[in-house]
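The values are calculated or read from the model by the stated rules, or taken from the named source; none is laboratory data. For clarity, every value in this text was computed on a predicted model and none was experimentally measured. Counting neighbours? That spans all protein chains shown, and the Cβs are built from the backbone with ideal geometry, glycine included.
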Amino acid sequence: MPHRSTPVAALLRATSPDRLPEVVADHLRRHHAAGPVEVLLGDMTLSGLWPVLAPQDPPGNAHAVRCFGSQRPLTHLTADGNRCYLPLTVWGERLGVLVVETAQPSGAGLIDGLSTVADELALALRAAHLATDRYRRVIRRERLTMAAELQWELLPGRSLGDDRFLVAGQLEPAYAVYGDHFDWTLADDRLTLTVLNGGGDGLEAAVLTAVAVNAMRNARRSGADIVEQAELAGDAIHSRYGGATHAATLLLDIDLVDGHVEAVDAGSPRAVIARDREFHPVTLEQQLPLGMFGETRYEIQRFRLEPADRLLVVSDGVHAATPGGRPPYGEAALLTALRRTRLQPATEAVGTVMRGLRDYHEGAEPDDDAVTVCLDWRR
């Protein structure tokens, strides 16, 4: 009886979490006529793809970057066969690219087989991050501040999506962020999204944000709506700080079936809808930031998304940035950056907006950290 190969998913489940790339490389050599194999992971600013198996090698080339951006497999003909680039993505979160050189002929069968391996590896990498620091060391190109360490560990991921939507977020400066944050969760046909701008700076701002985010999660996981989430977080912050500091927060509960959005606007994050090449600021009545006063009560406001809408939410570190005493970055500059993202998915759009902000600073150190979150409703 011929020997049946063990499915790659079973191999990955059976191996140590820090050895996943080696197991995949061995599987590909045995069953896909692979030569060199590399796993490239996106760094914390998503500006480079860095090798795991040969960390001394340079970052990913233009083919890898194109695969990562387009989220589509690419095949490049070489003297020895084919070099294939497969996106490593799970639940809409882009992790990196699997690069495989193989003597197998190109065609749908080759890409389908390698894509299956890449999908299983992505899922395993996503699960392994709690059990090993190997992959974190690859994506960190410099040391994080303690505040940034807290913030990145608190994030739900950097993107999430399916055939209904795609949402992505980015923090800046990635290695020294302190108070700004985003959070999301998906349940049935509802996406709950929060963007938070914590007061203060350094480690204390990160601690404030941690209190606010975990209070909102505590309420949400008990079945509370966004009003109760805001009120519990506000009470928790006020109980700890006595009104000396607070967290400006926008809470959104989005119905992914009909586009109805319930919102609690508790501060400075701003929202803009891109629709049919036009941009519409989301006008909400601003309520008190979380924790400014004890027992503050909040009210829900409503607006609606239309199919193919893009919703962008930014903290005041974006829209109110005044580097070197220059005029605020403001709505005009933000809309210019948004226009550049028209043909990009949300995962690329957040980077484009942040690059526009960095260009505006012209080398000046930012006075504030910043968060950008972009949602594409695909219905």
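Data table
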{"quantity": "Inter-residue pairs, beta-carbon under 6 Å, first under 19 Å from SER159 (Cβ atoms) and in the stretch 330-346, second at pLDDT below 85 and outside any helix (DSSP H, G or I), 6+ apart", "calculated": "none"}
{"quantity": "ARG270, sole failed condition from (1) surrounded by 24 or more Cβ atoms within 10 Å (Cβ to Cβ); (2) under 21 Å from the mean Cα position of the chain (by Cα)", "calculated": "(1)"}
{"quantity": "Helices (runs of 4 or more DSSP H) lying entirely in the stretch 1-93 (those with 2 or more residues that are under 21 Å from ARG141 (Cβ atoms) and of a type in the set (Val, Ile, Thr))", "calculated": "none"}
{"quantity": "Some residue of the stretch 105-113 being modelled with pLDDT of 95 or more and either outside the structural domain of ASP359 (by TED's automatic domain parsing) or buried (at least 23 other Cβ atoms within 10 Å of the Cβ) (or both)", "calculated": "no"}
{"quantity": "Flag for THR78 being β-branched (Val, Ile, Thr), more than 23 Å from ALA14 (Cβ to Cβ) and either touching a residue at least 12 places away in the same chain (Cβ under 8 Å) or in the same structural domain as ALA346 (by TED's automatic domain parsing) (or both)", "calculated": "yes"}
{"quantity": "Residue satisfying all of: in the stretch 254-267; of a type outside the set (A, V, I, L, M) and surrounded by fewer than 21 Cβ atoms within 10 Å (Cβ to Cβ); farthest from VAL227 (Cα to Cα) among these", "calculated": "ASP258"}
{"quantity": "Of the criteria (1) touching a residue at least 40 places away in the same chain (Cβ under 8 Å); (2) in contact with a Ser or Thr (Cβ under 8 Å, 6 or more places away or on another chain); (3) under 21 Å from TYR178 (Cα atoms); (4) surrounded by 21 or more Cβ atoms within 10 Å (Cβ to Cβ), which one ILE226 fails", "calculated": "(3)"}
{"quantity": "Verdict on ARG72 being within 22 Å of SER16 (Cα to Cα), without any contact (Cβ under 8 Å) to a residue 40 or more places away in the chain, surrounded by fewer than 16 Cβ atoms within 10 Å (Cβ to Cβ) and not hydrophobic (A, V, I, L, M, F, W, C)", "calculated": "no"}
{"quantity": "Of the criteria (1) over 30 Å from ALA187 (Cβ atoms); (2) among the small types (Gly, Ala, Ser); (3) touching a strand residue (DSSP E or B) at 6+ places or on another chain (Cβ under 9 Å), which one GLY96 fails", "calculated": "(1)"}
{"quantity": "Residues within the stretch 84-104 that are without any contact (Cβ under 8 Å) to a residue 40 or more places away in the chain and either surrounded by fewer than 19 Cβ atoms within 10 Å (Cβ to Cβ) or closer than 28 Å to GLY169 by Cβ (or both), tallied", "calculated": "5"}
{"quantity": "Answer residue from the stretch 17-51, given it is touching a strand residue (DSSP E or B) at 6+ places or on another chain (Cβ under 7 Å) and acidic (Asp, Glu) and is nearest to VAL100 (Cα to Cα) among those", "calculated": "GLU38"}
{"quantity": "Hey, ALA14 out of contact with any Cys (no Cβ under 6 Å at 6 or more places or on another chain), free of Cβ contacts under 8 Å to residues at least 40 places away in the same chain and surrounded by 18 or more Cβ atoms within 10 Å (Cβ to Cβ) or not", "calculated": "no"}
{"quantity": "Residue within the stretch 128-137 that is basic (Lys, Arg), buried (at least 21 other Cβ atoms within 10 Å of the Cβ) and in contact (Cβ under 8 Å) with a residue 60 or more places away in the chain present", "calculated": "no"}
{"quantity": "Output for the stretch 276-303, where each listed residue is surrounded by 15 or more Cβ atoms within 10 Å (Cβ to Cβ), part of a strand (DSSP E or B) and out of contact with any strand residue (DSSP E or B) (no Cβ under 7 Å at 6 or more places or on another chain)", "calculated": "none"}
{"quantity": "Options ALA206, ALA187, ALA210, ALA176; residue that is of a type outside the set (Asp, Glu), surrounded by 21 or more Cβ atoms within 10 Å (Cβ to Cβ) and assigned by TED's automatic domain parsing to the domain that holds SER239", "calculated": "ALA206"}
{"quantity": "All positions within the stretch 94-108 that are part of a loop (DSSP other than H, G, I, E, B) and either at negative phi or among the β-branched types (Val, Ile, Thr) (or both)", "calculated": "ALA103, GLN104, PRO105, SER106"}
{"quantity": "Residue check for THR194: touching a His at 6+ places or on another chain (Cβ under 6 Å) and crowded, with 20+ Cβ neighbours inside 10 Å", "calculated": "no"}
{"quantity": "Residue selected from the stretch 27-58 under the condition over 18 Å from GLY81 (Cβ atoms) and surrounded by fewer than 15 Cβ atoms within 10 Å (Cβ to Cβ), by the criterion modelled with the lowest pLDDT", "calculated": "SER47"}
{"quantity": "First in the stretch 229-243 and in the same structural domain as LEU208 (by TED's automatic domain parsing) and farther than 15 Å from GLY198 by Cβ, second anywhere and of a type in the set (Phe, Trp, Tyr) and modelled with pLDDT of 95 or more, Cβ under 9 Å, 6 or more apart", "calculated": "GLU231/TYR298"}
